[in-house]
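Reviewing the structure listed below.
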Amino acid sequence: MSDLTNRILVINPGSTSTKIGVFDNEVPIFEKTIRHEQGVISQFNNIIEQYEFRKKVILESLDVEGINISKLKAVCGRGGLLRPIEGGTYRVNEEMLTDLRAGYAGEHASNLGGIIANEIASGLNIPAYIVDPVVVDELDPLARISGFALIERKSIFHALNQKAVARRVAKELGKKYEELNLIVAHMGGGITVGVHRQGRVVDVNNGLHGDGPFSPERAGTVPAGDLVALCYSGEYYYDEVMKKLVGQGGLVGYLNTNDAITVEKMIENGDEKASLVYTAMAYQVAKEIGSASVVLSGKVDAIVLTGGLAYGKEFVRSISDQVNWIADVIVQPGENELQALAEGALRVLRGEEQEKQYPNPIKKSETVLKGR
Ligand SMILES: Nc1ncnc2c1ncn2[C@@H]1O[C@H](COP(=O)(O)OP(=O)(O)OP(=O)(O)O)[C@@H](O)[C@H]1O
Ligand SMILES: CCCC(=O)O
């Protein structure tokens with residue numbers, strides 16, 4: 001390893017796993033998905049309580065692999081439900097740590113990313129960063145208006161993967177990200193469809209507990225009046241309804257599984273309900289892409305399908321058939337979040353981009369969903 005090599009540790013905490021990677025510049029030298037048994041995770045009352053446990057398993061994994069952390073130049077974690085901020089690479093600072101620990105805008109496994117990165121980095125006297133957290137907010141003022149004056153639309157989406165994939169596609173097309181109009185549909189456990197207008201995501205559905213297509217685990221937009229009636233029916237507690245929307249919504253609610261591969265098998269075996277629901281999920285994604293194309297007045301350079309569901313050939317074909325009249329459809333299955341974290345840190349270490357300081361507030365009136 002030469003002195004010019006930037007060795008970076010990246011950390012992506014998910015609800016059931018912690019993914020880690022060590023990169024020498026852009027090249028991964030070690031990647032691992034550490035799976036956490038449901039029984040182990042459920043011992044903790046909340047995400048923040050998992051901090052010591054997750055940090056320990058990360059350090060043990062690096063140790064077993066023989067990786068000497070003293071050679072690291074930076075540590076980069078996936079950022080969490082912070083205050084709304086614009087995209088980029090942020091240095092972890094005290095204000096960010098306070099918001100991550102408090103769960104400023106709610107609980108999300110990625111709240112641990114910046115905290116663990118900071119803990120490891122501060123012991124080594126190197127910088128800790130987060131890149132494009134789920135709260136990246138570049139919405140146009142028009143996109144914030146929900147139609148209900150008490151509630152503003154929020155930008156909570158797969159910013160890290162969407163932006164990384166958009167940059168990759170731009171490179172493949174021989175253009176800069178900032179020169180293109182792209183529609184990116186990230187289709188994983190949650191589904192978000194972002195309108196990338198010349199490098200800014202000016203409209204996107206809140207894929208956590210907001211709106212948009214339903215997904216393997218989330219309900220997406222539901223008829224508002226019926227939802228209010230259900231909430232006041234006296235049959236459900238607040239947490240029960242939230243769970244039915246997020247975690248037990250979408251495919252889970254209809255078919256009892258969040259696994260699209262299982263659903264495809266059910267369809268192969270002649271399950272008509274599975275076929276209807278799976279087709280409806282593709283239909284809702286296509287509709288969201290259609291409405292995103294209107295935001296761009298039809299001037300769309302490409303539509304990009306990404307996330308785990310983009311491995312599903314029939315699912316992708318069904319969406320493509322409905323939207324390929326708008327623009328070419330480019331399929332980039334899976335997610336490349338570890339690489340995206342490393343590249344975000346590298347851009348700053350190399351001086352190609354300036355590190356941003358949190359909170360760097362965007363100009364808007366803030367509404368947050370506390371405690372969820
Ligand atoms: N080969 C495949 N064919 C069809 N579906 C697949 C395939 N591989 C994975 N999937 C589906 O992709 C979904 C999970 O996607 P992904 O791994 O991107 O989600 P996640 O990382 O858990 O959540 P998120 O992307 O929202 O952060 C699951 O429903 C899974 O069954
Ligand atoms: C929508 C934000 C990322 C996620 O949890 O799916």
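Tabulated values for the structure
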read-out	value
Pick from the stretch 9-28, criterion closer than 19 Å to Val57 by Cβ and of a type in the set (Val, Ile, Thr), ranking: farthest from the chain's Cα centre (by Cα)	Val22
Complete set of residues in the stretch 96-140 that are part of a helix (DSSP H, G or I) and either assigned by TED's automatic domain parsing to the domain that holds Gly190 or within 16 Å of ligand 1 (Cβ to nearest atom) (or both)	Asn111, Leu112, Gly113
Test set (1) outside the structural domain of Ile191 (by TED's automatic domain parsing); (2) in contact with a strand residue (DSSP E or B) (Cβ under 6 Å, 6 or more places away or on another chain) - Ala166 fails condition number	(1)
Filter result for Val193 (within 16 Å of ligand 2 (Cβ to nearest atom) and buried (at least 23 other Cβ atoms within 10 Å of the Cβ))	yes
Any chance Ala345 is under 24 Å from Ser17 (Cα atoms), of a type outside the set (Ser, Thr, Tyr), part of a helix (DSSP H, G or I) and within 16 Å of ligand 2 (Cβ to nearest atom)	no
Test: residue in the stretch 50-72 that is within 16 Å of ligand 1 (Cβ to nearest atom) and either within 23 Å of Gly189 (Cα to Cα) or assigned by TED's automatic domain parsing to the domain that holds Ala345 (or both)	no
Residue ID - farthest from ligand 1 (Cβ to nearest atom), chosen from residues in the stretch 256-281 that are of a type in the set (S, T, N, Q) and part of a loop (DSSP other than H, G, I, E, B)	Asn269
Residue identified as surrounded by 12 or more Cβ atoms within 10 Å (Cβ to Cβ), under 25 Å from His158 (Cβ atoms) and over 22 Å from the mean Cα position of the chain (by Cα) among Val57, Val40, Val75	Val57
Residue tally, condition among the basic types (Lys, Arg) and more than 28 Å from Lys356 (Cα to Cα), over the stretch 45-90	1
Options Lys171, Lys154; residue that is in a loop (DSSP other than H, G, I, E, B) and either within 28 Å of Gln248 (Cα to Cα) or not hydroxyl-bearing (Ser, Thr, Tyr) (or both)	Lys154
Qualifying residue in the stretch 245-255 (condition: under 18 Å from Val131 (Cβ atoms), in a helix (DSSP H, G or I) and in the same structural domain as Val323 (by TED's automatic domain parsing))	no
From the options Ala164, Ala170, Ala159, residue that is within 16 Å of ligand 1 (Cβ to nearest atom), in contact with a helix residue (DSSP H, G or I) (Cβ under 8 Å, 6 or more places away or on another chain) and aliphatic (A, V, I, L, M)	Ala164
Any chance Ser297 is away from ligand 1 (no atom under 16 Å from the Cβ), part of a loop (DSSP other than H, G, I, E, B) and assigned by TED's automatic domain parsing to the domain that holds Ala170	yes
Residue list for the stretch 12-35, restricted to those being away from ligand 2 (no atom under 16 Å from the Cβ) and crowded, with 19+ Cβ neighbours inside 10 Å	Ile20, Gly21, Val22, Phe23
Options Leu208, Leu173: the member that is buried (at least 21 other Cβ atoms within 10 Å of the Cβ), touching a residue at least 24 places away in the same chain (Cβ under 8 Å), on the phi < 0 side of the Ramachandran plot and not hydroxyl-bearing (Ser, Thr, Tyr)	Leu208
Test: residue in the stretch 224-238 that is outside any loop (DSSP other than H, G, I, E, B), at negative phi, within 11 Å of ligand 2 (Cβ to nearest atom) and of a type outside the set (Phe, Trp, Tyr)	no
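Rundown of residues vs (1) touching a residue at least 12 places away in the same chain (Cβ under 8 Å); (2) outside any loop (DSSP other than H, G, I, E, B), yes/no style:
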{"position": "Asn45", "(1), (2)": "no, no"}
{"position": "Lys56", "(1), (2)": "no, yes"}
{"position": "Ser61", "(1), (2)": "yes, yes"}
{"position": "Gly77", "(1), (2)": "yes, yes"}
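Let's see how each residue does on (1) under 11 Å from the mean Cα position of the chain (by Cα); (2) within 14 Å of ligand 2 (Cβ to nearest atom); (3) among the aliphatic types (A, V, I, L, M):
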{"site": "His108", "(1), (2), (3)": "yes, yes, no"}
{"site": "Asn125", "(1), (2), (3)": "no, no, no"}
{"site": "Pro133", "(1), (2), (3)": "yes, yes, no"}
{"site": "Glu138", "(1), (2), (3)": "no, no, no"}
{"site": "Pro141", "(1), (2), (3)": "no, no, no"}
{"site": "Arg144", "(1), (2), (3)": "no, no, no"}
{"site": "Arg153", "(1), (2), (3)": "no, yes, no"}
{"site": "His158", "(1), (2), (3)": "yes, yes, no"}
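The values are calculated or read from the model by the stated rules, or taken from the named source; none is laboratory data. Being a predicted model, the structure only gives us computed values, none of them experimental. Cβ sites come from the backbone with ideal geometry, for glycine too, and all protein chains shown count toward neighbours.
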